[in-house]
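Asker: Next up is a structure, given as structure tokens.
The values are calculated or read from the model by the stated rules, or taken from the named source; none is laboratory data. Not measured: the values here are computed from a predicted model. For neighbour counting, all protein chains shown are included, and Cβ atoms are generated from backbone atoms with ideal geometry for every residue, glycine included. These accessible areas exclude ligands, DNA and RNA; they are computed on the full protein's heavy atoms, side chains included. Shrake-Rupley method; radii C 1.70, N 1.55, O 1.52, S 1.80 Å.
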Amino acid sequence: MANKETKQGNIGVTSENIFPIIKKFLYSDHDIFLRELVSNAVDATQKLKTLSSVGEFKGELDDMSVRIRIDGKKLIVSDRGIGMTAEEIEKYINQIAFSGAEEFVKKYKNDAASIIGHFGLGFYSSFMVSEKVEIITKSYREDAVAVKWSCNGTPEYEMTETTKEGRGTDIILYIDDENKHFLEKSKITELLAKYCRFLPIPVIFGKKQEWKDGKYVDTDEDNVINNVNPAWTRKPGDLKDEDYKTFYRELYPMSEEPLFWIHLNVDYPFNLTGILYFPRIKTNMDIHKNKIQLYCNQVFVTDSVEGIMPEFMTLLHGVLDSPDIPLNVSRSYLQSDQNVKKISTHITKKVADRLEEIFKNDRPQFEDKWNDLKIFIQYGMLSDEKFYERTLKFGLFKDVDGKYFTFDEYKTLIKDGQTDKDGTLVYLYSTNPNDQYSYIQAAKDKGYSVLLFDGQLDIPMVGQLEQKFEKTRYVRVDSDTVGNIIRKEEVQAVNLSEDQKNALQEIFKSRIPAIEKADFYVSFEALGAESTPVVLTQSEYMRRMRDMASIQPGMSFYGELPDSYNLVLNTDHKLVKKVLEDEEKACTDKIEPILNDIKGWEARQHDLRETQNKKKQEEITETEKEDMTNTNKKLDELRQQRNQIFADYAKENRLVSQLIDLALLSNGMLKGESLSRFIKRSAEMIG
């Protein structure tokens, strides 16, 4: 390029399609152009520092910062790094070294990230937002000549000698009309804060401001937007707890203080540094994912780290930095390879080791933080088999009295008392100690322990532990009477006739208040004279299915089903006996004739069935069919008459309603008008 001639030529790619593809298909990621240009400037600066440190560059380094400025329609990124000669521009800018480029562009025309990634041309992302791009550069080499390169988004470029004070490179972007927002100070500030806040070379954008005369004005001090020495790049031994907390506040200014952290520093078999923080996660699943930021040599890549971290780890906050994670040029999509899997496995192990270390060294602190840690640990146990195995040593149960146990400790505690007659170990749990207080007390009266499971992942966790632990059942304390939950002996016989059962069933059923999406059934047990007269229970299986439906879309069918409750009458209790005795005194004269008629018609129904069962369907005459229909209809009418007599009796018997309401009240289900009636009735009965 002697005599300052201008050189014109074509960029060495055999297809003219690359620029439209860059513009069109990277549009959703187009703000990464600034990251790429600033990263390149930082690389050039660091290379010069390296050359200086080994004696290949003997000049003064002086100002080594990267500067960004807006000048009219131009956005300029400047560095004082190694710069480029004309030959280097030819090599690194003009020659896109890729064999079969035309075929490649054709194949990947809908995936610009792949194209640019394979070409390795972060610089060319500048054409996503520019109608023209210029490079003015001067190499650090002695007697270097400054060069100006210009391209307007076609494969044609122009290169000529120019003048430039000092070494380094200026990239000048002539922003196009569609992307004018990249000429706004606020937008550039936002992008620099996102992508460049921890780069290892000072990045300067404008001047620091101060409040003066009712407005912000520029000072003489450069506005350095980045922390060049963030905590994760320093040695753990050089950091105090306050340093880690300060860095956390830098990352997440509005967050609560973290529970604790892990400082990662791995150099074999891959390079990985970073700090992972355990945030305070409440049991209401107050989870904010995408809080781990991934960097490559301090350049921000993404905060969507699902490709490198197991999903449960995305509940953590912090920073990971690895040059060994393969990235395409947009650096937004992690490619899955063996290195990534090794890093993922290593991080999982490190986190489990750190949790175990805290548990062993300071169990009171671990227990104190368990409510915050629980949802993270359970999520990991449910989704990662290796993490589950490691967690068995320090996973905790908490009982309703606030005491903590490891899984092994708790098994030892309840093994003798809570093993049923079939040799199954029964774990009792409560989801709400206030609502389930009477059931918990009934269990404690038997000498049993009750766990507290009030977290969102407790129910799926129960399912996993039942599968993992042999001969084990987890049962909510209100799912049945405590004697039935942990059956030590055969069921005591209920000494009632079928007519007496029918009577009690209809009497109590008729007075159960209507509750939306709730079905009630009446059953009988001989629970002993000292036990509660009426107990309300709920099927463990159906309730667990409903709970799972709320977090597993495929089980939504169960979520639509009504809750199913069992009203258990204790036939040994004097109040239940009194209801039955009073009913027999009040209703026998009216009910006996109806019961006799029912028995007669039931016998008739039985005989007809027997006769018809011996015949094929086509052999049954119309007269026989009509006879069966009339018999069934007569039985329905008689039963309705019987049930109405019981309902009329129950309506006048305040004790029935009182017993039902007490059972509902103990289960937190007596509300509104029903609760008001109960209070009024209670006052009248006491009076």
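Asker: Can you classify region 586-640 as rounded, prolate or oblate using the Cα gyration tensor, where a ≥ b ≥ c are the square roots of its eigenvalues, rounded means a/c under 1.5, and otherwise it's prolate if a/b beats b/c and oblate if not? Mind dumping the intermediate values first?
Answerer: Details: a/c = 4.76, a/b = 2.78, b/c = 1.71.
Note, shape of region 586-640 comes out prolate.
Asker: Using a Cα-Cα cut-off of under 19 Å, which lysines could be cross-linked to residue 634, ignoring same-chain neighbours fewer than 8 residues away?
Answerer: 590, 599, 625
Asker: Does anything in region 672-687 have its amide N under 18 Å from the 7 Å Cα→Cβ label point of residue 654, and if so which residues?
Answerer: So the set is 674-687.
Asker: Now for a separate question. Taking the Cβ-Cβ separation of residue 210 and residue 47 as r and a Förster radius of 30 Å, what is the calculated FRET efficiency to the nearest 0.05? Please list the in-between numbers first.
Answerer: Working: r = 36 Å, r/R0 = 1.20.
The pair residue 210/residue 47 has a calculated efficiency of 0.25.
Asker: Keeping the other protein chains in place, figure out the carbon and sulfur percent of the accessible area of the chain, with a 1.4 Å probe. Please report the intermediate quantities before stating the final value.
Answerer: Details: 16200 of 35110 Å².
The nonpolar share, carbon plus sulfur, comes to 46 percent.
Asker: Turning to a different aspect of this structure: Can you tell me the order of 449-456, 65-72 when each peptide is scored by its average per-residue count of other Cβ atoms within 10 angstrom, highest first? Write down the numbers at each step before the final one.
Answerer: Details: 449-456: 19.9, 65-72: 17.0.
Ranking, from highest mean packing down: 449-456, 65-72.
Asker: Working with all protein chains in place, sort 314, 162 by solvent-accessible area computed with a 1.4 Å probe, largest first. Each step should come with its number before you reach the end.
Answerer: Numbers: 314 5, 162 45 Å².
Reading off the accessible areas and sorting them downward yields 162, 314.
Asker: So how exposed is residue 588, as accessible area in Å² (1.4 Å probe, rounded to 10)?
Answerer: Looks like 40 Å² after rounding.
Asker: Under the rule of at least 5 residues apart or a separate chain, name every residue whose amide H is placed under 5 Å from the amide H of residue 162.
Answerer: 146, 147, 148
Asker: Of 317, 181, which has the most accessible area and how do the rest follow, probe 1.4 Å? Present the calculation step by step, with values, prior to reporting the outcome.
Answerer: Working: 317 15, 181 60 Å².
Accessible-area ranking of 317, 181, largest first: 181, 317.
Asker: Kindly provide the pair-distance distribution of the chain built from C-alpha pairs, with 10 Å bins from 0 and whole-percent values in order of increasing distance.
Answerer: 2, 11, 16, 15, 13, 10, 9, 9, 7, 4, 2, 1, 0
Asker: Excluding residue 181 itself, calculate the net charge of residues whose Cβ lies under 12 Å from the Cβ of residue 181, where each Lys or Arg counts +1 and each Asp or Glu counts -1.
Answerer: Details: positive: 180, 185, 187; negative: 31, 176, 177, 178, 184, 190.
The answer is -3.
Asker: Given the chain, what percent of its DSSP beta bridges are antiparallel, to the nearest 5? Mind showing how you got there, number by number?
Answerer: Details: 66 of 89 bridges.
In the chain, DSSP labels about 75 percent of beta bridges as antiparallel.
Asker: Could you give the accessible area per residue of the chain, probe 1.4 Å, as a whole number in Å²? Please report the intermediate quantities before stating the final value.
Answerer: On the way: 35110 Å² over 687 residues.
With the other protein chains kept in place, the chain gives 51 Å² per residue.
Asker: Also, I was wondering about something else. Put +1 on the Cβ of every Lys and Arg and -1 on every Asp and Glu Cβ in the chain; which of 381, 453, 230 then has its Cα farthest towards the positive end of the dipole?
Answerer: After comparing all options, I get 230.
Asker: Another one. Report the residues of region 383-404 in range of a label on residue 345: point 7 Å along Cα→C-beta, backbone N strictly under 19 Å from it.
Answerer: Flagged as within label range: 383-391.
Asker: Still on this structure: Name the shape class, rounded, prolate or oblate, that the alpha-carbon gyration tensor gives for region 137-209, where a ≥ b ≥ c are the square roots of its eigenvalues, rounded holds for a/c under 1.5, and otherwise prolate holds if a/b is larger than b/c and oblate otherwise.
Answerer: On the way: a/c = 2.59, a/b = 1.33, b/c = 1.95.
Judged from the Cα gyration tensor, region 137-209 comes out oblate (a/c at least 1.5, b/c at or above a/b).
Asker: How tilted is helix 672-686 with respect to the longest principal axis of the chain? Cα atoms for both, answer in degrees (0 to 90, nearest 10).
Answerer: Approximately 40 degrees, to the nearest 10.
Asker: Helix-derived [θ] at 222 nm for the chain: sum -39500 (n - 2.57) over DSSP H runs of at least 4, divide by residue count, nearest 500?
Answerer: On the way: 22 runs with 280 residues, N = 687.
Computed mean residue ellipticity for the chain: -13000 deg cm²/dmol.
Asker: Can you send over the solvent-accessible area of residue 604, 1.4 Å probe, protein chains only, in Å² to the nearest 10?
Answerer: Roughly 100 Å² of residue 604 is accessible to a 1.4 Å probe.
Asker: Under the definition of Cα pairs under 8 Å and six or more residues apart, what whole-number percent is the relative contact order of the chain?
Answerer: On the way: 1082 pairs, mean separation 55.4, N = 687.
It comes to 8 percent, rounded to a whole number.
Asker: A follow-up question, please. First check a/c for region 429-476, with a ≥ b ≥ c the square roots of the eigenvalues of its C-alpha gyration tensor; if it is under 1.5, answer rounded, and if not, answer prolate when a/b is larger than b/c or oblate otherwise.
Answerer: Details: a/c = 3.72, a/b = 1.45, b/c = 2.57.
Oblate, since a/c reaches 1.5 and b/c is not below a/b.
Asker: For residue 249 and residue 219, what is the calculated FRET efficiency with R₀ set at 25 Å and r taken between the beta-carbons, to the nearest 0.05? Please list the in-between numbers first.
Answerer: On the way: r = 25 Å, r/R0 = 0.99.
Given R0 = 25 Å and the Cβ-Cβ separation, E is 0.50.
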